[in-house]
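Report on the structure given below.
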Amino acid sequence: MLAALLACGCSSDANNNNNTPATFEEACAQVPGCQTPENAVDGPSVAIWQVMLQRDASGAASVGEVREVDVPSGTGVPQGPLWGAYRLVAYDAAGKVLDAQAIRFPERLVVETVDGTSEETDFTNKASSALGYLEVDASVAKIAITDADGNQLDARDAPAPGERRSASLAGVRRSAVLQATARTPCSHVLLLEQSDTALFTDAIVNEGYKLAPLPLSAQAVIQAALGRLTPLACAAVGRIAFVASDTTTTGAWVNGRFGDMMIINANFDVEGHTFDDAGLTNAVTRSILEGSVVHEAGHNVWRLLNMEGANNVAFADGWWTERQRGPARAAIARTRMLRGFGYEWRRVHDSFVAQGWAKPYATYPLARFSSATPSDEDLVRHGFMSIYGNLDDAEDIAELMRWPIFGAASRAAGLADGWGLLETADVGCVQMGAHGDKSVPQKLAVIYTKLAFMHDLGLISDQAFTRCAGSNISIPTPVNGFTVYESGSEKRRFDKSPSAIIGSRSDSYVFVMTAEGTASFDNADYAATVRLELQLQSFGLLEQLLGAPDVNLVAWPRGLYPLAAGSPNTFSLAMPDQPFGDFQSTKGWVLVTNATNELIVGSVYLEQAFRPRAGVPQTFDPPLQFRFRMKK
């Protein structure tokens, strides 16, 4: 879950404090961000139904309790996963589908320990539960769960609008409190009381976990953490449970997850830090809990946006109704990421690994002082925000959510810089923030590209992005098209008729960007066109013979692309009136840091080229840099 070590000078008496709150209001006043969420939302509300769905060990699914809550209308219905073996469907009296959402029951229960390991329990053939969401509509007559073919498995009559308001129901006070101070995109999240067993899962109880009382201070800390999340991150979280464990390592795990449900260890006890009301009067303890909630939300997002296991991506995408095309679907569409978040994240990371700019996952041990421990500089150079983020792609994403969002608050709470559970482990943010000029140096290229990816998706806010990246690191791109730099100084621009498309060659899909301007040859300027081609997806032999795969599954370029003789990636310049000035790249690289339907930003770093008409190579010393931008 968090960084691996417990290295901290904190006293074991950390929680000896007499400021235990008597009311939630007192608890909230002690926690920065509880009363004034960072991502508060103003404006009108919309009513939604939270639908509890159950699946038994045989796979039979049923519709359970329905509750009505208000969420900000700008956020709308919380997004369901990109795919699932079931659907939650709202029908009118004539049987017409009015709304629908994919439902994916949890495949496993995961608990993360303080030493950096995970304990997983397979739930493939066990009873399970999931929350689904529908917009409240008086014309909805029936709420049902169906299989992938649309066959109804269970149904119930829809309640009338207002009939199942959460404020009038027993056992949901925590949900109402979440909206009492200021509304956030997480206003739908349920904080489960000890009595809310219907919203829990009996099968988890059978594994030795049961609902525990929710301390007022824990509620305040969780509310502050949720107030820092963006709409997309909030959509991934449905329930938060404070859970006691019957296992022998009761204090040795921090958080866990079960589908949309985040699980917090009620028995957490590390170096005197505990998650009860007395313990949470300590700022460091609160920071451990709040940061871990943000981290676990990153895991929830990873699951929400992943397509692993989907048999038919196009069909899964077709499950989205107009009402359900909210933050998650918008993020996928903006980045053309229909293969899923995990797939694209690994592709980007591997593009740097292939060129020696990054290290593969699990390169570094979590032990701080082992012989293989990297320096902070090497850890960041090789693409990781923290030592824990190097474990795998899921932890990489979770750490790149946690620290940009919560790093500054963690430090303000008194957690010193370091790698441990009781330390602020945002070494990537620290080094990006210390960068002194408007550029992206190689040593920060991997971590900056990943941070920009999180920002492009909407997983971190503009404010969190700037807190982490600082005010300098960037690729300045003053115009649409290409801007040429040499030794850091602008030399010329190609900004006429800029164009960027995803096209195709006989063997692959490619990103093609062109722009016109002038270039110099033999002390004279001539009209010229620059052209960048980056291979996005190659075709196999059968695809070349039978037809290319669906272009809609091809994402925009992002990451590192080598330029070399014979490479599928090319950068060229053409002078129609002086062809002896034409050149094609033979050595260099292309870095793409931002890639959405609205904005593509990157840089071509050119060391050598070949002039085909003249038949001679050319070395650029110093190298040329063509920074490019395409903004709608």
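The values are calculated or read from the model by the stated rules, or taken from the named source; none is laboratory data. Treat the numbers as computed from the prediction; the structure is a model and nothing was measured. When we count neighbours, we look across all protein chains shown, and the Cβ atoms used for this are built from the backbone with ideal geometry, even at glycine. When the accessible area is computed, the model is the full protein with side chains, heavy atoms only, and any ligands, DNA or RNA have been set aside. Shrake-Rupley method; radii C 1.70, N 1.55, O 1.52, S 1.80 Å.
State whether the range 8-138 is rounded, prolate or oblate according to the following rule on the C-alpha gyration tensor (a ≥ b ≥ c being the square roots of its eigenvalues): a/c under 1.5 gives rounded; otherwise a/b larger than b/c gives prolate, and the remaining case gives oblate. Since a/c reaches 1.5 but b/c is at least a/b, the shape of the range 8-138 is classed as oblate. When a/c is below 1.5 the answer is rounded, else prolate if a/b is larger than b/c, else oblate, so apply that to the range 341-497 with a ≥ b ≥ c taken from the square roots of the Cα gyration tensor eigenvalues. It comes out prolate by the Cα gyration axes.
Electrostatic tally near P623: other residues with Cβ closer than 10 Å to its Cβ, Lys and Arg +1, Asp and Glu -1, net -2. Ordered from largest to smallest accessible area (heavy atoms of protein chains, 1.4 Å probe), the residues R183, R558 come out as R183, R558. Report, in degrees rounded to the nearest 10, the 0 to 90 angle that the Cα long axis of helix 393-412 makes with the longest principal axis of the chain. Tilt of helix 393-412: around 80 degrees. When only the Cβ of Lys, Arg, Asp and Glu is charged (+1, +1, -1, -1), the dipole of the chain relative to its Cα centre reaches about 1520 debye.
Only Cα pairs under 8 Å and at least 6 apart count here; give the relative contact order of the range 433-565 as a rounded whole percent.
17 percent
Computed from phi, the 3J(HN,Hα) profile of the range 352-359 under the Karplus parametrisation 6.51, -1.76, 1.60 (θ = phi - 60°) reads 7, 4, 4, 9, x, 8, 10, 9 Hz, with x in place of Gly and Pro. Taking each residue as 0.36 nm, the span from D507 to N19 lengthens on full extension beyond its C-alpha to C-alpha distance by 168.9 nm.
On a per residue basis, the chain carries 37 Å² of accessible surface, using protein heavy atoms and a 1.4 Å probe. Taking the accessible area of the chain, probe 1.4 Å, and keeping the other protein chains in place, the carbon and sulfur fraction comes to 49%.
A Förster radius of 56 Å combined with the Cβ-Cβ distance from R492 to V97 puts the calculated FRET efficiency at roughly 0.50. Using a cutoff of 8 angstrom between alpha carbon atoms and counting only pairs six or more residues apart, the relative contact order for the range 468-531 works out to 22 percent.
Note: relative contact order over the range 583-632, using C-alpha pairs below 8 Å and six or more positions apart, is 38 percent. Can you list the aspartates and glutamates whose alpha carbon sits under 13 Å from that of K142, skipping same-chain ones fewer than 8 residues off? Straight-distance partners of K142: D92, D99, D154, D157.
Computed from the C-beta positions of S195 and D149, the FRET efficiency with R₀ = 30 Å rounds to 0.20.
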